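A short worksheet on the structure shown next.
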Amino acid sequence: MSDRLGITPRGVKTALGIKETYRKGEPICLPGERARILIPENLMNLDMDLHGIEDPLALAMMASRDPEPPMALAAAARLSPLGTRTKLVSGVFGVVGETTRHPSVRRCVSLVSESAFSPEAIAEVRRHASRVIVHSRRQYTAALRQNLRSLMDGEISSSQFVHEFFELTEAGNLRNDIRKKLVLSLLLSNTIRPGLKFLMLEHFHRLPTPVRLSIISGVLKAEQSRHLDIIKEELKWIVTEDRRDVH
């Protein structure tokens, strides 16, 4: 039945899980790796086995429902060549174009559909998605730098900076090593006020687990200072609370 329909039970389960993840406002993680967030580059990498996410229904869910254009476009690009699998998958692909919140995805679906899923059109969609992903990364990185300058110049408040910091890093799907470097530099900086550092720690749970552990390790290894010692104690408390939640 799965072969005839082109959609698997695992794919249906994955699509429902993705829908629930969006409802909760949580990031999608790589299959079997709850500590690694799925990024657009993963979807663009055809050599990467994404398990249930490979299913057309799961990709369609992301292409139509993901709040960020780069991720939605990457999902549509990965879905495009599957449109010839069965009439049902072709129909699902068409529904993506009708329901997506992103005009760029809608245009790409139209291009591929009108060309009858030609390899040339699919290749053009992939090239376009790659350009969008690179451009988006640059935009989010530039916005983070501008916000830091505005913070240092007193043009925005600490709370606004922290709020937008997490919004930008999440929306931009920044790599984990970049997130670690940014947060660690803020926590260890001698020019950043302690109040802002504590605001950062209030949102610490929004970082992937490997990033949190690397940051904690980096802070604990840093030289002692009055302000940093307080941050260290706060991180130790966070670790203790996390362990309690696990048990």
By residue number, the members of segment 5-27 that are modelled with pLDDT under 85, touching a Leu at 6+ places or on another chain (Cβ under 7 Å) and outside any helix (DSSP H, G or I) are 6
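Pull up segment 71-109, narrow it to residues that are outside any helix (DSSP H, G or I) and β-branched (Val, Ile, Thr), then point me to the one that is surrounded by the fewest Cβ atoms within 10 Å (Cβ to Cβ). Let's see the steps before the verdict.
Our first condition is that a residue be outside any helix (DSSP H, G or I); within segment 71-109, this holds for 85-86, 100-102.
Filter again for β-branched (Val, Ile, Thr), leaving 86, 100.
Values: 86: 16, 100: 25.
Among residues in segment 71-109 that are outside any helix (DSSP H, G or I) and β-branched (Val, Ile, Thr), the one surrounded by the fewest Cβ atoms within 10 Å (Cβ to Cβ) is 86.
Can you find even one residue in segment 72-95 that is closer than 20 Å to residue 168 by Cα, in the same structural domain as residue 130 (by TED's automatic domain parsing), in contact (Cβ under 8 Å) with a residue 40 or more places away in the chain and touching a Pro at 6+ places or on another chain (Cβ under 8 Å)? I'd like the intermediate steps shown before the answer.
Restricting attention to segment 72-95, the residues satisfying the condition of being closer than 20 Å to residue 168 by Cα are 72-74.
Adding the requirement that they be in the same structural domain as residue 130 (by TED's automatic domain parsing) leaves 72-74.
Subsequent filtering for residues that are in contact (Cβ under 8 Å) with a residue 40 or more places away in the chain retains 73-74.
Among the residues that remain, those that are also touching a Pro at 6+ places or on another chain (Cβ under 8 Å) are: 73-74.
Within segment 72-95, one or more residues are closer than 20 Å to residue 168 by Cα, in the same structural domain as residue 130 (by TED's automatic domain parsing), in contact (Cβ under 8 Å) with a residue 40 or more places away in the chain and touching a Pro at 6+ places or on another chain (Cβ under 8 Å).
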With criteria (1) crowded, with 23+ Cβ neighbours inside 10 Å; (2) out of contact with any Asp or Glu (no Cβ under 6 Å at 6 or more places or on another chain); (3) in contact (Cβ under 8 Å) with a residue 40 or more places away in the chain, residue 53 comes up short on (3)
Of (1) modelled with pLDDT of 95 or more; (2) out of contact with any Gly (no Cβ under 6 Å at 6 or more places or on another chain); (3) more than 30 Å from residue 180 (Cβ to Cβ), residue 84 fails just (1)
Going through (1) assigned to a helix (DSSP H, G or I); (2) surrounded by 14 or more Cβ atoms within 10 Å (Cβ to Cβ); (3) not acidic (Asp, Glu) one by one, residue 145 fails only at (2)
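Of the residues 224, 160, which single one is exposed (fewer than 13 other Cβ atoms within 10 Å of the Cβ) and over 19 Å from residue 137 (Cβ atoms)?
Within the list 224, 160, the selection yields 224.
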Return yes when residue 219 is at pLDDT below 85, more than 19 Å from residue 141 (Cα to Cα) and either outside any loop (DSSP other than H, G, I, E, B) or within 27 Å of the chain's Cα centre (by Cα) (or both) and no when it is not. no
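The values are calculated or read from the model by the stated rules, or taken from the named source; none is laboratory data. None of these values were measured; they are calculated from a predicted model. All Cβ positions, even for glycine, are placed from backbone atoms using ideal geometry, and neighbour counts span all protein chains on display.
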